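Novice: Dropping a structure here in structure tokens format, bear with me for questions.
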Amino acid sequence: MPEPAFDCVIRGGHVGTASDAYDADIGITAGVITAIGRDLPAGASEIDAHDRLVLPGGVDTHAHIEQLSAAGIVNSDTFESATTSAAFGGTTTVVCFAAQHRGADLMTVVEDYAALARNGAVIDYSFHLIIANPSEETLNAHVPALVAEGHSSLKVFMTYDLLQIADEKLLDILLAARRAKALVCVHAENHGMIAWMSKRLVEKGYTAPKFHAMSHPRGSEAEAFTRLIACAELIDQPIMIFHVSTAEGVEVIRQARGRGLKVFAETCPQYLFLTAKDLDKPGLDGAKWMCSPPPRTRDDQEAIWRGLELGDLQVISSDHAPYAFDATGKLSAGPEPNFKQIANGLPGIEVRLPLLFDAMVSKGRLGLSKFVELTATAPAKLYNLHPRKGSISIGSDADVVIWNPKREVTLTDATFHDRTAYTPYAGRTVVGWPETVLRRGAVIVRDGRVDARPGSGLFLPRAGGWAATPLGRATLEMDPERNFGAKLY
């Protein structure tokens, strides 16, 4: 008998990409897509995808995995459990964090997180570097060395007592990133406004989880975005603004992009499907809905959807931050904490794609191609993982998800495979479900079971790429031809 033409053929599916949808077979050889066409020759194995959608594996570029918080709490998931959960949800690539804390050596931090991932990850992964100790050694020695090793994005926080980077150090980090050709990702909220509101609420006895939503004034987001963009424009450094939650924040980004600045932005399912009212639960139950920034209003949801449609926001990530509802997580400060003592974060790495598929494809909001773009192709491009990831195209890794577009699933706490043991979306019914998941040509999820060895996920080194490349538009103050000859870069 002749040798099979392919290792695997996905036969007869309706293929969806960020630009097209068509019926085709997909041929896979050595973990790579090597043919797309009709009536392809036989493969050594075959997957029947008739009446199914065949889509690129999801690319989730914002997830906290096995991460130590500034408060000293490790979130609930290991790399094995989080990436297994991701795979069940149709995500085959994740960019998570190597989190530096004050006083920590960034090289050691990255080595420690890399070791955890090598031992546990079942999908492919990369890292953002959280910078909380912007010392001269960190910025001038460690950042360039680590970017050269393939860690080409940095993250900074403009709020949180133990992580906050003030404006002067923010400028130092932006300049270091520009020199190293890295993208800077930012959690941007006004620290003073949040600290003031939090203190005021607690002093007056408003301590329940629902008051967390009030402690982050919506104006704190737009103000911080404006200040961040001004700093980035001064340095001519591209930025990614994380988890946009307000209409005013979307508008600030729209205006900046309208001026041609390299300002990119993401939002998350919690800002599209939850509101502040979800925190208003009896006792401490509202803690399960606490994240930062908090969910806002339905009007904000609509503004964010509009921003996604217009291209003001380019990515929908999970911001997976799993803290169990017990003493290891949300209740680590004791059985009766105030909202300031409760860990912020929601599980979301597995539910991201089903929620968005239901809204965008099943219910018709923005459509199939936009779903693929926002959840796979655009994040892969922005973080320089494309075309290896985020596409169904010749030469791409065979990270493929076969969806049953008609399958209805009512979400429960038991639906998901992370270690948080609850979901903030329990009780919702979604239409459309990822049933079979391939990672580099290997079937790792099928029939509700996972088949992937811990540590079989690969580290994805990446250079900064187009998104991290400065515009070359020096501001007056940084331009020697206009600033009296001062060379400040």
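Novice: Please give the FRET efficiency for residue 469 paired with residue 162, using the beta carbon to beta carbon distance and R0 = 30 Å, rounded to the nearest 0.05. Could the numbers behind the result be given before it?
Specialist: Details: r = 32 Å, r/R0 = 1.08.
So the FRET efficiency works out to roughly 0.40.
Novice: Moving on to the next point. Taking a probe of 1.4 Å, how large is the accessible area per residue of the chain, in Å²?
Specialist: Values: 18690 Å² over 489 residues.
Ligands and nucleic acids excluded, the result is 38 Å² per residue.
Novice: Taking the Cα atoms of the chain, what is the range of coordinates along each of the three principal axes, in descending order and whole Å?
Specialist: 73, 61, 41
Novice: Within 10 Å, at most 15 other Cβ atoms, and a DSSP state outside H, G, I, E, B define an exposed site. Report the longest part of the chain free of exposed trypsin sites (Lys or Arg not before Pro).
Specialist: Working: sites that count: 38, 102, 204, 259, 363, 473, 482, 487.
The reported range is 364-472.
Novice: In what order, largest first, do 349, 394 sit by accessible area if the probe radius is 1.4 Å?
Specialist: Numbers: 349 0, 394 110 Å².
So, going from the largest accessible area down, we get 394, 349.
Novice: How do 20, 105, 451 rank by accessible surface area computed with a 1.4 Å probe, from largest to smallest?
Specialist: 451, 20, 105
Novice: Shifting gears a bit: To the nearest µm²/s, what D does Stokes-Einstein give for the stretch 174-246 at 20 °C and 1.002 mPa s, using the Kirkwood radius over alpha carbon pairs as Rh? Intermediate results must be reported in sequence, preceding the final value.
Specialist: Working: Rh = 13.7 Å.
My calculation gives 156 µm²/s for D.
Novice: When DSSP beta bridges are limited to those with both residues in the chain, what percentage is antiparallel, rounded to the nearest 5? Don't skip to the end; give the middle numbers.
Specialist: On the way: 31 of 68 bridges.
Just about 45 percent of them are antiparallel.
Novice: Let me ask something else. Compute, for residue 94, the solvent-accessible surface of its heavy atoms (probe 1.4 Å) with the complete set of protein chains present, and express it in square angstrom to the nearest 10.
Specialist: 0 Å²
Novice: Hey, what's the per residue convex hull volume over the C-alpha atoms of the stretch 313-359, in cubic angstrom? Before the final figure, lay out each step's value.
Specialist: Details: hull volume 4.7 nm³, N = 47.
About 100 Å³ per residue, rounded to a whole number.
Novice: With +1 on each Lys and Arg Cβ and -1 on each Asp and Glu Cβ, and nothing else charged, work out how big the dipole of the chain is about its Cα centre, in Debye to the nearest 20. Kindly include the intermediate steps, with their values, before the conclusion.
Specialist: Values: 48 positive and 58 negative charges, 138 e Å.
For the chain, the charge dipole is close to 660 debye.
Novice: Size of the stretch 1-130 along its principal axes in angstrom, Cα-based, largest extent first?
Specialist: Sorted from largest, the Cα extents of the stretch 1-130 read 62, 31, 22 Å.
Novice: Still on this structure, please answer the following. Based on the inverse mean of 1/r over its pairs of different Cα atoms, what is the Kirkwood hydrodynamic radius of the stretch 217-304, in Å? If you can, show how the numbers build up before the last one.
Specialist: Working: mean 1/r = 0.0727 Å⁻¹.
Evaluated on the stretch 217-304, it is 13.8 Å.
Novice: With a ≥ b ≥ c taken as the square roots of the eigenvalues of the C-alpha gyration tensor of the stretch 423-476, please select rounded if a/c is under 1.5 and otherwise prolate if a/b is larger than b/c or oblate if it is not?
Specialist: Values: a/c = 3.58, a/b = 1.74, b/c = 2.06.
Oblate, because a/c is 1.5 or more while a/b does not exceed b/c.
Novice: Got a sec? What order do 157, 459 fall in by accessible area at 1.4 Å, biggest, i.e. largest, first?
Specialist: Numbers: 157 15, 459 70 Å².
Order by accessible area, largest first: 459, 157.
Novice: Then there is this: Of the accessible area of the chain, with the probe set at 1.4 angstrom, what percent is carbon plus sulfur?
Specialist: Values: 9770 of 18690 Å².
Answer for the chain: carbon and sulfur cover 52 percent of the accessible area.
Novice: Just to verify a number: FRET efficiency for residue 197 and residue 251, C-beta to C-beta distance, R0 = 25 Å, to 0.05? It would help to have the intermediate numbers written out before the result.
Specialist: Numbers: r = 22 Å, r/R0 = 0.88.
E between residue 197 and residue 251, to the nearest 0.05, is 0.70.
Novice: Next question, about the same structure. Under the 0.36 nm per residue contour assumption, what length would be gained going from the current alpha-carbon distance of residue 302 and residue 476 to full extension?
Specialist: Details: separation 174, 0.36 × 174 = 62.64 nm, distance 3.77 nm.
So the chain would gain 58.9 nm between residue 302 and residue 476.
Novice: For the stretch 263-323, just the Cα set please: Rg and Dmax, both in angstrom.
Specialist: In Å, with Rg to one decimal and Dmax whole: 12.6, 40.
Novice: At q = 0.15, 0.32 Å⁻¹, what is the base-10 log of I(q)/I(0) for the stretch 341-394 according to the Debye formula with one equal point scatterer per Cα and no solvent? Please give it to two decimals.
Specialist: -0.53, -1.11
Novice: Compute, for the stretch 296-378, the length of the dipole vector about the Cα centre, with Cβ point charges of +1 (Lys, Arg) and -1 (Asp, Glu) only. Units Debye, rounded to 20. Before the final figure, lay out the partial values.
Specialist: On the way: 9 positive and 11 negative charges, 15 e Å.
Using only the charged Cβ atoms, the result is roughly 60 debye.
Novice: Now for a separate question. What is the Cα coordinate range of the stretch 60-109 on the first, second and third principal axes, sorted by size from largest, in whole angstrom?
Specialist: 37, 19, 15
Novice: As a check on your grasp of the helix formula, calculate [θ] at 222 nm for the chain: sum -39500 (n - 2.57) over DSSP H runs of n ≥ 4, divide by the residue count, round to the nearest 500. Working shown, then result.
Specialist: Working: 13 runs with 126 residues, N = 489.
Rounded to the nearest 500, the figure is -7500 deg cm²/dmol.
Novice: For the stretch 87-198, what is the convex hull volume of its Cα atoms per residue in Å³?
Specialist: Numbers: hull volume 13.6 nm³, N = 112.
Output value, Cα hull per residue: 121 Å³.
Novice: Separate question: What's the FRET efficiency of residue 206 with residue 333 using the Cβ-Cβ distance as r and R₀ = 22 Å, to the nearest 0.05?
Specialist: Details: r = 17 Å, r/R0 = 0.77.
It comes out at approximately 0.80.
Novice: Lysines within cross-link reach of residue 340: Cα-Cα under 20 Å, excluding same-chain residues under 8 positions apart?
Specialist: Within reach: 199, 204, 210, 277, 281, 288, 330.
Novice: Just report the Cα centroid separation between the stretch 1-69 and the stretch 160-184, whole Å.
Specialist: When both Cα centres are located, 39 Å separates them.
Novice: Something else about it: At 25 °C and 0.890 mPa s, what whole-number value in µm²/s does Stokes-Einstein give for the translational diffusion of the stretch 351-489, with Rh from the Kirkwood sum over Cα pairs? Could you put the intermediate results ahead of the total?
Specialist: Numbers: Rh = 18.4 Å.
The diffusion coefficient I find is 134 µm²/s.
The values are calculated or read from the model by the stated rules, or taken from the named source; none is laboratory data. None of the values given here were measured: they were computed from a predicted structure. Glycine also receives a Cβ, built like all others from the backbone with ideal geometry; neighbour counts cover every protein chain displayed. Quick note on the areas: whole protein, heavy atoms, side chains included, nothing else; ligands and nucleic acids left out. Shrake-Rupley method; radii C 1.70, N 1.55, O 1.52, S 1.80 Å.
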